[in-house]
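> Here you go, one structure.
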Amino acid sequence: MTGTEPRLSPFAPGPFAHRVAERLRGAPPATSSEPHPALAGDHVLNPGFAMGPGPYRDAAVLIPVVAREPEATVLLTLRTPHLSSHAGQIAFPGGKIDPEDESAVAAALREAEEEIGLERARVTPIGALDPYFTGTGYRIVPVVGMVDPAHRLTLNPHEVDDAFEVPLPFLMSPGNHRRGSREFRGAMRSFYEMPFGERYIWGVTAGIIRGLYERVFG
């Protein structure tokens with residue numbers, strides 16, 4: 001390498017994947033059955049928030065980082081308005097971990113294939129964050145995967161209205177991580193929000209993105 005060659009952005013697919021693998025190496029997802037201040041979840045911004053009696057239902061989501069050059073993007077979905085939970089919200093592909101799933105990674109890949117037609121052969125898992133505990137009773141394992149930019153999507157119209165990509169630098173910039181609040185269960189609840197143009201990313205999805213930033217760049 002000569003001194004005249006440009007330095008790759010930390011958000012380029014190669015450097016980012018390497019950084020994620022290094023930061024998540026040797027740290028498998030925590031198995032605690034209850035939320036703890038050291039773990040991620042809705043309770044972090046809401047000390048004393050009633051998280052529910054449990055038990056927590058296990059789920060997994062895929063954080064699909066599309067290996068575009070010169071800088072990667074993150075693939076997100078817009079849920080259909082008729083779903084029973086998080087209807088009309090922006091989310092990662094994912095869902096409950098079924099008994100047939102070998103792992104959280106397997107569940108995340110299966111759900112992505114079912115929801116948006118993302119073939120698992122196009123995804124290279126590179127690590128998983130600690131579980132994210134939600135006020136609605138889920139323990140979600142976020143799985144980070146690098147996605148071949150040549151992928152093709154086929155959206156399941158019963159679950160997903162749209163799929164779109166957001167530049168990775170935007171999501172990994174703490175200046176774009178705002179705090180919002182609204183009433184939930186009779187009390188004000190705080191959460192992260194990351195408006196991107198006409199897209200409003202907030203709640204669990206924004207919390208998981210914040211957790212990825214803190215783990216990889218914090």
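Read the figures in this text as sums done on the coordinates, not as results from a lab. Note that the structure is a prediction, hence the values are computed from the model and not measured. Here the Cβ is made from the backbone with ideal geometry for all residues, glycine too, and neighbour counts use every protein chain on show.
> Exposure proxy check: Asp42, Asp101 ranked by fewest other beta carbons within 10 Å? Write out the running numbers ahead of the final one.
Working: Asp42 22, Asp101 17.
Least crowded to most crowded, the residues run Asp101, Asp42.
> If you don't mind, another one. Please say if the range 74-218 is rounded, prolate or oblate, where rounded means a/c under 1.5 for a ≥ b ≥ c the square roots of the C-alpha gyration tensor eigenvalues, and otherwise the choice is prolate for a/b larger than b/c and oblate otherwise?
Details: a/c = 1.39, a/b = 1.27, b/c = 1.10.
Taking the square roots of the gyration eigenvalues as a ≥ b ≥ c, the range 74-218 is rounded.
> Using per-residue counts of other Cβ atoms within 10 Å, averaged over each peptide, order 9-22, 106-119 from highest down. The partial results should precede the final answer.
Values: 9-22: 17.1, 106-119: 21.9.
Order by mean packing, descending: 106-119, 9-22.
> How are the Cα pair distances of the range 151-214 distributed, in percent, across 5 Å bins from 0?
4, 15, 23, 19, 17, 14, 7, 1, 0
> Only bridges with both residues in the range 53-153 count here: give the DSSP antiparallel percent, nearest 5.
Details: 14 of 24 bridges.
DSSP beta bridges in the range 53-153 are roughly 60 percent antiparallel.
> Based on the Kirkwood radius over alpha-carbon pairs, what is the Stokes-Einstein translational diffusion coefficient of the range 108-164 at 10 °C with 1.306 mPa s viscosity, in µm²/s? Mind dumping the intermediate values first?
Numbers: Rh = 12.6 Å.
It diffuses with D of about 126 µm²/s by this estimate.
> Any chance you could check the Cα centroid distance between the range 6-22 and the range 133-200 for me, in angstrom?
22 Å
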